[in-house]
Amino acid sequence: MLKLLWLIPVLPLAGFLVLALCAGRLNRQQVASVGCGSVGTAAFTTALVGREFFQGFPDRDTYHQTLWNWIDTSGMTVGISWYLDALSLLMVAVITGIGFLIHLYSAEYMAHDDGYARFFAYMNLFVAAMLTLVLADNLLLLYLGWEGVGLCSYLLIGFWYREPEYGTAAQKAFIVTRIGDTAFAIGLFILFTQFTTLSIQQVQSLATETWPVGSNIAMIVALLFLIGAVGKSAQLPLQVWLPDAMAGPTPVSALIHAATMVTAGVYLIARMHHLFTLAPLVQEIIAVVGLTTLLLAATSALVQQDIKRVLAYSTMSQIGYMFLALGVGAWSAALFHFLTHSCFKALLFLAAGSVIHSLHHEQDIFKMGGLRKHLPWTFWTFLIGAAAMSGVPLITSGFYSKDWILWSVWSSPISHRWIWFGALFGAMLTGLYSFRLIFRVFFGEVRTKPTSEPGLAMLVPLVMLAILALTVGFLEMPHTLGNVTLFSQYLSHALPTTALLPGMDESSETREQLAVTVAALLGIGLAALLFLPGSLFAARSTDQSMDHPSVTLLQGGWGFDRLYDRMFVRPWCSLTRHTEDMLDRGYEWLALCAESCHGWMSHTQTGHIRWYAATIAVWTLVLLGLFAM
């Protein structure tokens, strides 16, 4: 079955080609069958490949498959090659599994949209590009998938292209991520000039053998790769595109935020971990970037009025936890949070889509309320997702992954105590903004009358994701709560284990877990006091002061959009406007010269045949004289 590996990225690509070439010839049922069926078949193929791959553990922990040589010139050989190990199999399972559930949900959610076939074509291409990215054996093929994901994000964010603001949001995402992509490409050029290969395994092996720890060239390449990862994963300072990405349909938001695009940067750093271990300073920068992003995004999520923008900022915050874990060398902890986050964030976005769908596409949480009785399935699944994201102890997956990250930060020899306290404060903020959303949307009086619950095609993915959000955390439990290490043992075949400070025992871990538990419950309790209708402070905390300067600052993501607009956008527009005037004057001068020459040359056209014959004779003699000389 391992030989079927090539089918996993090809099936969604084939679905895209069928939908693109047969546009207008397929009815909606056929479109949904092709769109969902191709991704579902890829998920089933992943299960078959994974089953045989597991049977070979631990004797065989990698599998390499080359289909053909793509480029073979000037000493560079790049193939269409796939590389399967524990890390790539995890990514593929999440992309195809959760991607299939999102496609199934979309079949009903987008049923009345005019661009039904176009939507599924873009979604299939998105999945195919992401699978290419995570399965690539070489960095050039990985970069092809990387750019494909960027293209598809532009197409899907601007899916409703007739709305000018949606097109602007798509352009913003495309342009901002180009900054990171350019840095990533420069890093690839440097690696090739150093090692004359782009094979991921060979590059990391040669880098480890050639470059000493802390060398300048390793720092430069690692920093360039980090800039690329920051752009795709919406971390500071290139995070401004993600909140505006909510312009796309809700299933697009779920796909971008849960299982695909924003996790590409996390995958890149984890995949190139040998390179980053050679650059300790860059690893520290990764941790600081993750901590800063998670705190800034969490505070911004506290005051958002759009239900999808709250979840967008929460995505930035949770990706920040993953970057924090990567920065302190907790590679497996970062990937475990990626797994749990994929489940509960896809659940939250799809449940939010159910709310929006039932409220006639209303997204303002201040126009919602009292929906738990009208949409019970949506309420309970949304509650499970919010509880998992908040890290409700013992019963949710988010608790185990977040606790692992915080324990790694506390016990890592390359971390600092202030980083742990910042991450703990972020855990409290997560509970606060998550349950603010719950209490605003599902409690209190009904402000907008909803329709009935969505159909089976939308409810089944919600229920399945809710089950996953509750259970996947049990794959890795700390020493104090059962000592289950299935996930870390599995990823140890692809990623190094986390180093611990001496003296870290179970009592230290217990105290850390209590702190994480108190932080999560404190955030939820504060949300109940401030936002639950009928509570002690709810009447005073009605978010009426939304025009306060501090709230406006937080709503705008700490003013980064305004800052970039004044520092880069306006000066660039002004420069190009003046440059355009100068270029126009140059072209106008050329046109004037051509017009003057035409006027002068027109005087030679007299209409007298004798004059023409004499002119021809004279110039013929001149030319003959020149050749004779």
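Each value in this text was obtained by applying a stated rule to the coordinates, not by laboratory testing. Being a predicted model, the structure only gives us computed values, none of them experimental. Neighbour counts run over all protein chains shown; Cβ positions are idealised from the backbone, glycine included.
For Leu26, Leu624, Leu224, Leu255, which order do you get if you count the other beta carbons within 10 Å of each Cβ and list the fewest first?
Working: Leu26 18, Leu624 10, Leu224 22, Leu255 28.
Fewest to most other Cβ atoms nearby, the residues stand as Leu624, Leu26, Leu224, Leu255.
Using the Karplus curve 6.51 cos²θ - 1.76 cosθ + 1.60 with θ = phi - 60°, what ³J(HN,Hα) values do you get for each residue of region 206-211, in whole Hz, with x for Gly and Pro?
With the stated coefficients, region 206-211 comes to 5, 5, 5, 6, 9, 9 Hz.
Using alpha carbon centroids, what distance separates region 33-47 and region 345-423, in Å?
That distance is 28 Å.
Would you work out the charge dipole size for region 155-307 about its Cα centre, treating the Cβ of every Lys and Arg as +1 and the Cβ of every Asp and Glu as -1, and quote it to the nearest 20 debye?
Values: 5 positive and 7 negative charges, 32 e Å.
For this selection, approximately 160 debye.
Take region 223-312, compute every pairwise Cα distance, and split them into 5 Å bins from 0; I just need the percent in each bin.
Once binned at 5 Å, the Cα pair distances of region 223-312 give 3, 13, 23, 23, 17, 11, 6, 3, 0.
Angle between the Cα long axis of helix 280-301 and the longest principal axis of the chain, 0 to 90 degrees, nearest 10?
For helix 280-301, the angle is close to 70 degrees.
Classify region 325-458 from the C-alpha gyration tensor, please: rounded if a/c falls under 1.5, else prolate or oblate depending on whether a/b exceeds b/c. Kindly include the intermediate steps, with their values, before the conclusion.
On the way: a/c = 3.22, a/b = 2.29, b/c = 1.41.
Here region 325-458 falls in the prolate category.
List, largest first, the extents of the alpha carbons of region 283-335 along their principal axes, each in whole Å.
36, 18, 9
Taking H placed 1.01 Å from N in the peptide plane, check which residues at least 5 places from His374 or on another chain put their amide H under 5 Å from its amide H.
Amide H neighbours of His374, under 5 Å, 5+ apart: none.
Counting other Cβ atoms within 10 Å, keep those with at most 11, restrict to DSSP loop, and tell me which GluC sites (Glu not before Pro) in region 431-506 are left.
Details: sites: Glu445, Glu476, Glu506; in loops: Glu445.
Answer by residue number: Glu445.
Which far-off residues, 5 or more places away or on another chain, put their amide H under 5 Å from the one on Thr485, with H placed in the peptide plane?
Result for Thr485 returns Met477.
Quick query: amide H of Trp70 versus all other amide H atoms, modeled in the peptide plane; which residues come in under 5 Å with a sequence gap of 5 or more or a different chain?
Long-range HN contacts for Trp70: Val78, Gly79, Ile80.
Viscosity 1.306 mPa s, temperature 10 °C: Stokes-Einstein D of region 313-396 from its Kirkwood Cα radius, in µm² per second?
Numbers: Rh = 14.1 Å.
For these conditions, the coefficient is 113 µm²/s.
Tell me whether region 1-122 comes out rounded, prolate or oblate; compute the Cα gyration tensor, take square roots of the eigenvalues as a ≥ b ≥ c, and use a/c under 1.5 as the rounded threshold.
On the way: a/c = 3.06, a/b = 1.59, b/c = 1.93.
Since a/c reaches 1.5 but b/c is at least a/b, the shape of region 1-122 is classed as oblate.
Per residue of region 600-612, what does 6.51 cos²θ - 1.76 cosθ + 1.60 with θ = phi - 60° give for ³J(HN,Hα)? Whole Hz please, x for Gly and Pro, Karplus curve as stated.
Result, rounded to whole Hz: 5, 5, 5, 5, 6, 8, 8, x, 8, 5, 4, 5, 5.
Between rounded, prolate and oblate, where does region 94-160 land on the alpha carbon gyration tensor, with a ≥ b ≥ c its root eigenvalues, rounded for a/c under 1.5, else prolate if a/b exceeds b/c? Please list the in-between numbers first.
On the way: a/c = 3.65, a/b = 1.75, b/c = 2.09.
The shape class here is oblate.
So what are the ³J(HN,Hα) numbers for region 263-273, from phi and the Karplus equation (6.51, -1.76, 1.60; θ = phi - 60°), rounded to whole Hz, Gly and Pro as x?
For region 263-273, the Karplus curve yields 8, 4, x, 4, 4, 4, 5, 5, 5, 9, 4 Hz.
If neighbour count is taken as other Cβ atoms inside 10 Å, put Lys172, Lys345 in order from fewest to most. Write down the numbers at each step before the final one.
On the way: Lys172 21, Lys345 28.
Neighbour counts put them in this order, fewest first: Lys172, Lys345.
Starting from the Kirkwood Rh over alpha-carbon pairs, what translational D in µm² s⁻¹ does region 73-190 have by Stokes-Einstein at 10 °C and 1.306 mPa s?
Working: Rh = 15.9 Å.
Rounded to a whole number, D works out at 100 µm²/s.
Along its principal axes, what span do the Cα atoms of region 154-306 show, with the longest given first and each in whole Å?
Largest to smallest, the principal-axis extents are 52, 31, 21 Å.
Taking the Cα centre of the chain as origin, work out the dipole magnitude from +1 charges on Lys and Arg Cβ and -1 charges on Asp and Glu Cβ, in debye rounded to 20. Present the calculation step by step, with values, prior to reporting the outcome.
On the way: 31 positive and 36 negative charges, 177 e Å.
So the magnitude is around 840 debye.
Return, ordered by residue number, the residues of region 381-409 whose backbone nitrogen is under 19 Å from a label point located 7 Å along Cα→Cβ of Glu506.
Of the residues in region 381-409, 394, 404, 407-408 have backbone N under 19 Å from the label point off Glu506.
With volume of the Cα convex hull per residue in Å³ as the read-out, I listed [x] 230; [y] 154; [z] 192; which label goes with the value calculated from this structure?
So the structure-derived entry is [x].
Using a 10 Å cut-off around each Cβ, can you sort Ile186, Ile609, Ile102, Ile438 from fewest to most neighbouring Cβ atoms?
On the way: Ile186 16, Ile609 8, Ile102 29, Ile438 22.
So the residues, fewest neighbours to most, are Ile609, Ile186, Ile438, Ile102.
Between their Cα atoms, which of Lys3/Lys345; Lys345/Lys449; Lys232/Lys345; Lys172/Lys367; Lys367/Lys402; Lys172/Lys308 are more than 24 Å away from each other? Walk me through the intermediate numbers first.
Details: Lys3/Lys345 33 Å; Lys345/Lys449 26 Å; Lys232/Lys345 17 Å; Lys172/Lys367 28 Å; Lys367/Lys402 32 Å; Lys172/Lys308 18 Å.
The answer is Lys3/Lys345; Lys345/Lys449; Lys172/Lys367; Lys367/Lys402.
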